[in-house]
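Rule-based calculations on the coordinates, nothing more; no lab input. The structure presented is a predicted model; accordingly, all values stated were derived computationally and were not measured. Quick reminder, even Gly has a Cβ in these numbers, built from the backbone with ideal geometry, and neighbours come from all protein chains shown.
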Amino acid sequence: MATLEMSAGGVAKATSPSALQRKISQTLLRALTGVAALFSFAIIFIMLFFLLVYAYPAIRFNGWGFFTSPIWNIGNQYGSGVATRNGFSGAPGAEFGALVFIFGSVLSALLTMLVSVPLALMVGLALVYRIPRQLRPIANALVELMAGIPSVVYGLWGLVVLVPWISNALAPWVTSHLGFIPFLGGPTGSGTGLIASVFILSLMVIPIMVATTRDVILAQSNAIFEASMALGSTSWQAMTRAVLPSVRSGIVASIMLAFGRAIGETMAVLMVCGSAINAFPSNIFSPVNTIAAVIVSQLESALTDATGMAQRSLAELACTLFIITLLINVIARAMMRGADRREGRGHA
Amino acid sequence: MIVTPQESAISTATKIETKNLEIFYGKFHAIKNANLAVGENSVMALIGPSGCGKSTFLRALNRMHDLTPGARVEGQVLLDGTNIYASGIDPVTVRHRIGMVFQRPNPFPKTIFENVVYGPKIHGLHNRKKLLEICERSLRGAALWDEVKDRLDRSALDLSGGQQQRLCIARCLAVDPEVILMDEPASALDPIATSKIEDLIDELKKLYTVVIVTHSMQQAARISDFTAFFLMGELIETAPTKSIFTTPRDKRTEDYITGRYG
Amino acid sequence: MTNTFAETAGKTALKTRISQAWWSLSVACLVAVIGLLFAIFAFVLARGLPALKPSLLFTPTQGIAGGLSNAIVGTLVLVVIGLLIVIVVGIGTAIWTVEFAPPGMKRVIRFMVDVLAGVPSIVVGYFLYVALVEEAGWGFSLIAGALALAIFMLPYVVRAADVSLTNVPRALKEGAVALGARPAMVVSSIDLPYALPGILTGILVATGIGLGETAPLIYTAGWSNYMPTLAPTHSPVGYLTYVVWTYISQPFEQSHQLAYAAAALLMIFIFLTNLVARSFVEYRLNRGR
């Protein structure tokens with residue numbers, strides 16, 4: 001409590017709160033916010049730990065077969081008895097192999113990056129250097145809006161517009177004209193599948209990378225561009241051979257983060273992937289499945305497993321996805337920090 | 001504008017000259033009616049108070065204003081008699097022959113080797129052996145070879161400021177220009193690095209024609225053969241360096257040199 | 001290197017043309033991508049707006065069709081409660097990071113928050129499903145759903161608050177301390193008001209994300225055809241994104257209509273949040289911060 005007193009000279013003098021009051025306030029604030037910070041810090045560990053513990057029975061039950069087997073089978077629910085491996089039990093005939101899903105996740109994410117990275121770089125460059133200054137805020141707003149579209153809406157559009165187009169127009173054309181190229185020929189499927197997933201994922205991932213590319217180019221000073229032009233390069237050469245390489249690590253980091261996003265994307269992929277079980281894609285039009293999508297699509301059936309092993313195996317899947325995305329994120333963030341120094345920006 | 005004829009008995013051909021050069025930034029008239037001739041294999045220093053337009057003038061000589069939206073150049077800049085602003089002349093070709101070194105060293109975040117051979121590479125030269133030759137030649141020409149010959153594959157950003165600037169000069173030399181434009185190349189460097197650059201310029205003029213902007217009259221007096229004085233966008237006086245600092249013809253030149261403004 | 005313009009001109013002309021071609025291609029890519037964006041917008045609005053009859057807003061879903069009132073209210077309740085959690089925890093975290101954390105810990109916390117931003121939403125949802133819905137026996141519930149959203153929205157608010165609080169000029173704070181303010185007072189009377197625009201922007205961004213999330217809610221909030229009760233546990237909650245997902249897969253046209261309507265509504269909400277967030281940024285810039 002501060003009080004004002006008028007001293008002899010007419011100057012107001014404030015009595016400050018006592019040292020004790022200050023100490024209490026400080027300690028309280030520190031403690032309360034510290035708890036909040038602790039939560040933010042620990043939540044990842046809590047989630048990981050919990051999922052691992054919950055999935056432990058499945059980890060023992062499935063063994064390495066989890067990563068090598070393409071069969072996902074919750075087992076015979078109507079018979080009696082259980083199958084026991086390594087001390088844990090599942091329904092007879094149960095086998096939980098995630099190979100199809102891991103393969104699907106990685107393949108669709110890789111193909112997505114293959115398509116999106118060049119596109120995002122092109123769009124980013126065009127956004128910074130070819131859009132008239134007045135239009136730039138609008139263009140930026142559009143890109144951000146694109147990043148904000150919910151994944152179910154992407155899935156909706158994919159299901160209603162993209163998938164029929166693929167099955168009616170794209171697939172027949174490709175398989176008949178380009179069918180000699182491996183993976184482009186063969187059955188045209190129903191439209192849902194690998195190519196649909198890659199298309200939708202690309203749409204979702206491009207805005208993220210465009211925003212980063214744009215930010216990173218703008219933050220870089222003009223000196224590199226000028227130096228290249230003064231040496232007699234064309235403006236395209238200056239951008240691609242001097243400016244972009246100088247921000248390479250920021251771009252690579254954003255690529256990795258986008259990759260992590262693509263692998264973890266659930267709803268949009270779920271709606272257009274075809275939900276393949278126990279089968280690998282034979283061409284780009286075949287159904288696929290990803291870890292994220294299968295966790296959603298298989299949960300109801302997993303609930304019918306009285307032994308609970310199916311649910312725990314789904315948790316094992318969640319752990320796998322968690323660890324993959326954690327690794328990608330940690331590497332990407334670490335790269336971003338080291339690179340600023342190496343590329344002549346910021347402090348060591 | 002006053003031009004004092006050369007006092008040297010040897011007359012050198014004019015390498016690069018401007019005729020009625022006007023430069024506008026939007027509505028701002030940055031350079032007014034500049035006529036300047038630079039002799040081959042000589043060093044021309046451009047001096048004047050801050051903001052007088054000497055850097056603006058310099059940048060017009062290799063069409064760097066093409067990169068600035070809103071900048072407009074009128075008049076002519078003649079290289080060996082050909083106007084580089086003529087329609088049909090690609091600025092990229094101009095910059096092959098007229099190189100530029102900037103005020104702050106701006107090496108690419110690449111290796112020393114990659115920096116030096118950047119120019120030849122984008123012009124289409126990929127033969128490794130030739131590139132190495134060019135690299136050595138250019139680094140020698142920039143008086144940097146002995147210091148870096150054992151670490152050509154290390155990052156250019158590890159070099160000191162003075163070394164980086166000499167690297168930029170080497171990079172410029174690698175494209176084999178005829179004219180080298182320098183925009184206050186030593187102003188960001190310490191005195192020792194500065195004197196190394198000045199010695200270098202003295203060597204460079206044997207093979208190239210150099211136009212250098214400097215804010216230091218002492219530097220201009222040390223290294224240049226001719227000096228041009230700019231004030232508020234106008235080229236006031238051009239003269240051999242020896243005479244402009246001792247007997248300037250224009251009162252404004254005299255005021256600047258004696259320190260009345262700067 | 002050749003010495004006249006004529007000799008180098010041929011090669012240069014080709015390179016310049018190649019450069020121009022690449023730039024044109026980049027613009028074409030930009031147009032294509034923005035074009036697809038518009039296609040998606042147009043699609044959703046064209047089918048959704050006509051289906052958005054006012055009656056829809058006041059009737060709950062009933063079986064294969066009906067209205068959206070339960071979903072709308074459900075979404076709003078989930079997001080609001082999630083935001084409340086996130087505001088307290090997020091701003092608290094940021095305050096601790098900026099004011100009290102030793103330098104090493106600052107980096108660690110920021111790193112962990114960044115990493116949290118990359119965790120797939122389904123993982124968060126599944127964790128809470130296993131932890132709260134199953135193990136703790138709470139069933140599908142408001143708390144589980146709100147928590148799922150909160151964990152997912154947290155990094156955005158923490159980051160925005162962190163940056164805004166870091167930018168509070170030290171002079172202001174020192175002035176307050178010199179006048180005898182206690183630390184808590186300094187924070188509440190100086191830091192927070194100054195950082196408010198940035199924090200609000202972060203909250204709005206998080207809201208936009210929370211509105212559009214599905215995966216973390218499927219197995220935490222479940223689904224309900226009824227308006228949300230305020231029971232924190234054992235009571236599933238409906239939400240808009242669920243409608244879009246499930247109703248489009250039904251074979252009935254009325255269900256599809258509902259899905260489009262829900263999608264259109266979602267887009268409108270998100271667009272509005274975006275708009276408000278942007279004008280905040282404009283407002284802050286114009287005030288000369």
In the calculated pair distance distribution of chain C, what percentage of Cα-Cα distances lie above 24 Å?
63 percent
If I model a spin label at A:Ser297 and B:Ala37 as a point 7 Å from the Cα along the Cα→Cβ vector, what separation in nanometres do I get?
8.2 nm
Which one, A:Leu201, A:Leu145, A:Leu114, has the greatest fluctuation when you compute a Gaussian network model over chain A with C-alpha springs under 10 angstrom?
A:Leu145
Return the sequence-ordered ³J(HN,Hα) values of the stretch C:165-174 in whole Hz as given by the Karplus equation 6.51 cos²θ - 1.76 cosθ + 1.60 applied to θ = phi - 60°, using x for Gly and Pro.
5, 5, 7, 5, x, 4, 4, 4, 5, 5
Residues whose modelled amide H sits under 5 Å from the amide H of B:Val101, counting only those 5 or more places away in sequence or on another chain, are B:Leu181, B:Met182, B:Asp183
Site A:Val330, offset 7 angstrom along Cα→Cβ, radius 19 Å on amide nitrogen, limited to the stretch A:24-51, gives A:40-51
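Antiparallel versus total DSSP beta bridges in the stretch B:5-257: what percent is that, nearest 5?
Numbers: 25 of 43 bridges.
Expressed as a percentage, antiparallel bridges in the stretch B:5-257 total about 60.
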Suppose each label sits 7 Å from its Cα in the direction of the beta carbon; what would the C:Met227-C:Val163 distance come out to in nanometres?
4.0 nm
Give me the net charge for the shell around A:Ala310: Cβ to Cβ below 12 angstrom, other residues only, Lys and Arg +1, Asp and Glu -1.
-3
Report the Cα centroid-to-centroid distance between the stretch A:151-222 and the stretch B:127-205 in angstrom, as an integer.
49 Å
If amide H atoms are built 1.01 Å from N in the plane of the peptide, which residues on other chains or at least 5 residues away come under 5 Å of the amide H of A:Thr307?
A:Ala91
Quick one: Cα centre-to-centre distance for the stretch B:71-91 and the stretch C:197-237, in angstrom?
65 Å
For the pair A:Val82 and B:Asp150, the simple spin-label estimate (label points 7 Å beyond Cα toward Cβ) gives in nm 7.0 nm
Please work out the FRET efficiency for the pair C:Leu84 and A:Trp173, using the Cβ-Cβ distance as r and a Förster radius of 45 Å; give the result to the nearest 0.05.
0.30
Counting only residues 5 or more places away or on other chains, whose amide H sits under 5 Å from the amide H of B:Lys15 once H atoms are built in the peptide plane?
B:Val38, B:Gly39, B:Glu40
Modelled label reach - A:Leu218, point 7 Å along Cα→Cβ, the stretch A:124-163 residues with backbone N closer than 15 Å
A:124-145
Rounded, prolate or oblate, given the Cα gyration tensor of chain A, with a/c below 1.5 counting as rounded?
oblate
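May I ask you to derive the FRET efficiency for C:Ser24 and A:Val252 from their Cβ-Cβ distance with R0 = 25 Å, giving the value to the nearest 0.05?
On the way: r = 27 Å, r/R0 = 1.07.
For C:Ser24 and A:Val252, the calculated efficiency is 0.40.
How would you classify the protein assembly as shown from its alpha-carbon gyration tensor, with a ≥ b ≥ c the square roots of the eigenvalues: rounded for a/c under 1.5, else prolate if a/b is greater than b/c, otherwise oblate?
Working: a/c = 2.40, a/b = 1.71, b/c = 1.40.
Prolate.
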What are the ³J(HN,Hα) couplings of the stretch C:257-266, residue after residue, when phi is run through the Karplus curve with 6.51, -1.76, 1.60 and θ = phi - 60°? Round to Hz, x for glycine and proline.
3, 5, 4, 4, 4, 4, 4, 4, 4, 4
Any idea how far the Cα center of the stretch B:223-249 sits from the one of the stretch A:281-305, in Å?
80 Å
Choice from C:Phe152, C:Phe269, C:Phe43 with maximal GNM fluctuation in chain C (Cα, 10 Å cutoff):
C:Phe43
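Using 1/(1 + (r/R0)^6) with R0 = 41 angstrom and r between the beta carbons of A:Val115 and C:Phe58, what's the FRET efficiency to the nearest 0.05?
Details: r = 44 Å, r/R0 = 1.08.
For R0 = 41 Å, the calculated efficiency reads 0.40.
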What residue among B:Ile47, B:Ile201, B:Ile192 shows peak mean-square fluctuation when chain B is described by a Gaussian network model with Cα springs under 10 Å?
B:Ile192
Within the stretch B:46-74, list the residues whose amide N lies under 14 Å from a label point set 7 Å along Cα→Cβ of B:Asn20.
B:74
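Does chain B come out rounded, prolate or oblate, given a ≥ b ≥ c as the square roots of the eigenvalues of its C-alpha gyration tensor, rounded meaning a/c under 1.5 and, failing that, prolate meaning a/b above b/c? Please report the intermediate quantities before stating the final value.
Values: a/c = 1.80, a/b = 1.44, b/c = 1.25.
Here chain B falls in the prolate category.
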